[in-house]
Amino acid sequence: MPTNAQNGSGYREYIAWDAPTRWFHWINALAVLGLIATGLVILTGGQLGLSPEGKITLKSVHVIFGYVMAINLLWRFIWAFFGNRYARWRAILPGGRGFGAALRAYIASFLTGEPEQYVGHNPLARIGVTLLFLLLLIQMITGFVLAGTDLYWPPLGGLIADWVAASGVEPATLVPGSKDLTDAMAYQSMRDFRAPIVETHEISFYLIAIAVVLHLIAVVVTEIHEGGSITSPCSQAARSSRENPQTQPRGNAGSFSRHKHPKE
Ligand code: HEM
């Protein structure tokens, strides 16, 4: 079990990210990558000349990536109640006593070119991570609706099939992408209901794509600038070139405590 230690390069290492948080990060990264890639093909499907069956297969693959992302995300939300202090809600959500002052201090130090160093997320990163979680949540909820309207897949597919099936038709026999066996008016109402949801899913996709790029830039810039103080969840420890980095809050939500020698 690694411990906080000074390594040969002069950095002091502090354990920040626990194993479940690192697993979450990498499963999420792979799932979101798969979702962005398949989502882009769905978006441009018209130009690619995909057959109707091809489109359904593509959406099915997309939704399978979506289930992985959703289960992983929900698991992370639960872990935020039980994980180590860097994994908990109080270390993620912005706000709480002292947060505004800590944020201003961090931004001011950042602008001087000598950013305060934190084990775990700094106050600005807490805002970023919270926004990203919100976007992923929006994407998950809208995605579940679309999985229902487009494929009749869980968790809402049963309800949607019941809604659009023509009278006397067993809803489970409806075929994704086909109007056969549906009630024309109910089907149209379902499509109208779906329209703003697909719109939201698309806008959220662009925001997530921008967030992913910003995240990668932030990691690279911070690694170069601070010598690896945030070292994202790819490694177990967060390194710091300073002796006394800021630790994440203890006790009350959002309150910051400063420690000369952070304990893990
Ligand atoms: C980071 C997460 C996600 C991203 C970046 C993403 C991205 C996209 C994009 C770009 C599209 C094409 C939109 C369009 O055609 O206008 C799409 C469609 C779709 N997504 Fe996602 N998605 C995500 C998560 C999910 C999840 C969690 C589910 C379900 C479990 C899901 C289900 C669907 C479905 C069914 C469609 C087809 C809608 C259509 O016909 O256009 N997505 N997604």
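Rule-based calculations on the coordinates, nothing more; no lab input. Model, not experiment: these values are computed from the prediction. Using ideal geometry, Cβ is built from the backbone for each residue, glycine included, and neighbour counts are taken over all protein chains shown.
Pull up all non-local amide H partners of D18: gap of 5 or more, or a different chain, and H-to-H distance under 5 Å with H placed in the peptide plane.
N84
How much length is gained if the chain between F77 and A29 is pulled fully straight, taking 0.36 nm per residue apart and subtracting their Cα-Cα distance, in nm to one decimal?
Residue separation times 0.36 nm, minus the Cα-Cα distance, leaves 15.7 nm.
Using modelled amide H (1.01 Å from N, peptide plane; none on Pro or chain starts), what sits under 5 Å from the amide H of L156, excluding residues fewer than 5 places away?
Placed amide hydrogens put G148 under 5 Å from L156.
Using the basic label-point model (7 angstrom from Cα toward the beta carbon), what is the L137 to S51 distance in nanometres?
Rounded to a tenth, the inter-label distance reads 4.2 nm.
With the Cα gyration tensor of the stretch 12-240 giving a ≥ b ≥ c as the square roots of its eigenvalues, does the rule (a/c under 1.5 for rounded; else a/b larger than b/c for prolate; else oblate) give rounded, prolate or oblate?
prolate
With 10 angstrom as the radius, rank Y67, Y152, Y118 by how many other C-beta atoms surround their C-beta, starting from the fewest.
By the 10 Å Cβ count, ascending: Y67, Y152, Y118.
Suppose R0 equals 22 Å; then what is the FRET efficiency for D162 and S60 from their Cβ-Cβ distance, rounded to the nearest 0.05?
In this case the efficiency is close to 0.55.
If you find the alpha carbon centre of the stretch 14-74 and of the stretch 87-108, how far apart are they in angstrom?
The stretch 14-74 and the stretch 87-108 have Cα centres separated by 31 Å.
Please turn the phi angles of the stretch 198-203 into ³J(HN,Hα) values with the Karplus equation 6.51 cos²θ - 1.76 cosθ + 1.60 (θ = phi - 60°), one per residue in order, whole Hz, x for glycine and proline.
Coupling constants for the stretch 198-203: 5, 4, 4, 4, 6, 4 Hz.
Dipole magnitude of the stretch 12-240 about its Cα centre, charges +1 at Lys/Arg Cβ and -1 at Asp/Glu Cβ only, in debye to the nearest 20?
Magnitude of the dipole: close to 740 debye.
Starting with the fewest neighbours, write out D18, D150, D162 ranked by other beta-carbon atoms found within 10 Å of each beta-carbon.
D162, D18, D150
Among R191, R126, R85, R76, rank each residue by its count of other Cβ atoms within 10 Å, from fewest to most, as a rough exposure measure.
Fewest-to-most Cβ neighbours within 10 Å comes out as R191, R85, R76, R126.
Once phi is turned into θ = phi - 60°, what whole-Hz ³J(HN,Hα) does the Karplus curve with 6.51, -1.76 and 1.60 give for every residue of the stretch 52-58, x standing for Gly and Pro?
x, 5, x, 5, 5, 4, 4
Lys/Arg Cβ at +1, Asp/Glu Cβ at -1, dipole of the stretch 12-240 taken about the Cα centre: which of V198, F81, A211 is farthest positive-ward?
Sorting the options by dipole projection puts first F81.
Name the long-range amide H neighbours of T182: under 5 Å, sequence gap of 5 or more, or other chain; modelled H, no Pro or chain starts.
A166
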